[in-house]
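One structure below.
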Amino acid sequence: MSSHSPRILPVPGSSSDPAAPEPRPSDSSWVPSFLRQRDSESSEQSTLVDNEETPLLRDSTKTFCSQSVSSHQDGESYIYTEESRSQLSEFLYILKTSIPVILAYALQNSLQTTSVLIVGWISPAHLATAAFSYMFAMSTAWLIALGGTTALDTLCSSSFTGSKNPHELGILLQRAFVVLGGMYVVVTIIWWNSEPLFLLLGQERKLAEDSALFLRCLIPGGLGYIYFECVKKYLQAQGIMGAGTYILLITAPLNVALNYLFVYTWGLGLIGAPLATGISYWLNFIGVLGYARFVKGWDAWGGWSRECLCRMGVFAQLAALGFIQVGTEWVGIYCEIHPFAR
């Protein structure tokens, strides 16, 4: 018998075998299987690299929208999804930021509504004239404000977050002033000579004459409406959603007082409504501009620059697409109302 003690060979897979892989905590984990992360998911997440070609919305069956890791005393960890919580927080954020925008548009349209109601107290003919004139203004000049400024929606957000020039946003605002202001000049020519157009559309001569006069008086205030919308989009691109709402909460009641003052107190009658509403439009623009200057949003301005005169064609093309989108809606409304206006 040999004096040497017998050699004990390690059992494959045991802890004494140096070549044996360490057991994974998940193999004997007490955590339910549906809470564990699969190896394919962890390896995919570790090798996934974000680049320009990475889709913004990945496959929900392969990745988690939101994950949270909790460690335990035995060294185990598990991953559970918080998809419902993430969706709720995103919904609340969108709701919080959209309410001021909705209120701003509602108050903005109330300026015209109150003007129609106040001047409509004089006679049904004045009511028809004011309603028809504001509807035509919505399909032309306000189309520049609401449709043309969608170019700012497209360009300002990306410039504010990705541009190396901190004043790029201000340059875009200046470009909007120039391009949309030039487009408004064309609209003013149409308004000034709108009587033959209304007759061509089949309106009565009295309604065509009064509506043309109404629009001529509205020409000075129309530019204030467009510029107010530009500055409002400029601030919204910076995440400042409530500026326009705050200003309109002040100017909307003031607009009622101005319309009553011009129409009845000073006896201007029909033409008092567009003059008073035009003043309200300019007060909106001055107010939101003052908010940007003295409260928040002025850092991106940077002063007037000749660079705003560059690439105006691209801006005009984007604005034209906005005209098509918004304009078709208002033209469709006119086509529905037109048979009843005869």
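Residue count for the stretch 118-147 satisfying the condition of being without any contact (Cβ under 8 Å) to a residue 40 or more places away in the chain and either assigned to a helix (DSSP H, G or I) or surrounded by 17 or more Cβ atoms within 10 Å (Cβ to Cβ) (or both): 5. In the set GLY303, GLY244, only one residue is touching a residue at least 12 places away in the same chain (Cβ under 8 Å), at positive phi and of a type outside the set (A, V, I, L, M, F, W, C); that residue is GLY303. For THR154, the conditions (1) at pLDDT 95 or above; (2) over 14 Å from CYS308 (Cα atoms); (3) not small (Gly, Ala, Ser) are fulfilled apart from (1). Report yes if PHE262 is of a type outside the set (D, E, K, R), part of a helix (DSSP H, G or I) and closer than 25 Å to PHE323 by Cα, otherwise no. Spelling it out, it is not the case that PHE262 is of a type outside the set (D, E, K, R), part of a helix (DSSP H, G or I) and closer than 25 Å to PHE323 by Cα. Would you confirm whether any residue within the stretch 188-199 is in contact with a helix residue (DSSP H, G or I) (Cβ under 6 Å, 6 or more places away or on another chain), part of a helix (DSSP H, G or I), crowded, with 19+ Cβ neighbours inside 10 Å and hydrophobic (A, V, I, L, M, F, W, C)? Yes, there is a match, as at least one residue in the stretch 188-199 is in contact with a helix residue (DSSP H, G or I) (Cβ under 6 Å, 6 or more places away or on another chain), part of a helix (DSSP H, G or I), crowded, with 19+ Cβ neighbours inside 10 Å and hydrophobic (A, V, I, L, M, F, W, C).
Only a single item in (1) in contact with a Ser or Thr (Cβ under 9 Å, 6 or more places away or on another chain); (2) surrounded by fewer than 18 Cβ atoms within 10 Å (Cβ to Cβ); (3) of a type in the set (S, T, N, Q) is not met by THR265, and it is number (1). For VAL314, are the conditions met, namely being modelled with pLDDT under 85, in a helix (DSSP H, G or I) and within 17 Å of GLY148 (Cα to Cα)? When the stated conditions are applied, VAL314 does not pass them. Note on the stretch 148-169: residues that are in contact with a Gly (Cβ under 8 Å, 6 or more places away or on another chain) and surrounded by 22 or more Cβ atoms within 10 Å (Cβ to Cβ) amount to 3. Against the numbered list (1) farther than 29 Å from GLN317 by Cα; (2) surrounded by fewer than 24 Cβ atoms within 10 Å (Cβ to Cβ), SER115 comes up short only at (2). So in the stretch 317-328, with the set limited to residues that are over 17 Å from the mean Cα position of the chain (by Cα) and surrounded by 14 or more Cβ atoms within 10 Å (Cβ to Cβ), which one is modelled with the highest pLDDT? Applying the filter and picking the extreme gives ALA320.
Per-residue answers, yes or no, for (1) under 25 Å from the mean Cα position of the chain (by Cα); (2) small (Gly, Ala, Ser); (3) at pLDDT 95 or above; (4) surrounded by 17 or more Cβ atoms within 10 Å (Cβ to Cβ):
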position: GLY242; (1), (2), (3), (4): yes, yes, no, yes
position: VAL256; (1), (2), (3), (4): no, no, yes, yes
position: ASN259; (1), (2), (3), (4): no, no, yes, yes
position: GLY287; (1), (2), (3), (4): yes, yes, yes, yes
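Count of the stretch 179-201 residues, restricted to those that are under 18 Å from LEU321 (Cα atoms) and touching a residue at least 40 places away in the same chain (Cβ under 8 Å), is 6. On the basis of being farther than 19 Å from THR150 by Cα and touching a residue at least 60 places away in the same chain (Cβ under 8 Å), does GLY278 make the cut? Answer is yes for this residue.
The values are calculated or read from the model by the stated rules, or taken from the named source; none is laboratory data. Because the structure is a prediction, the values reported are computed rather than measured. Backbone-built Cβ (ideal geometry, glycine too); neighbour counts: all protein chains shown.
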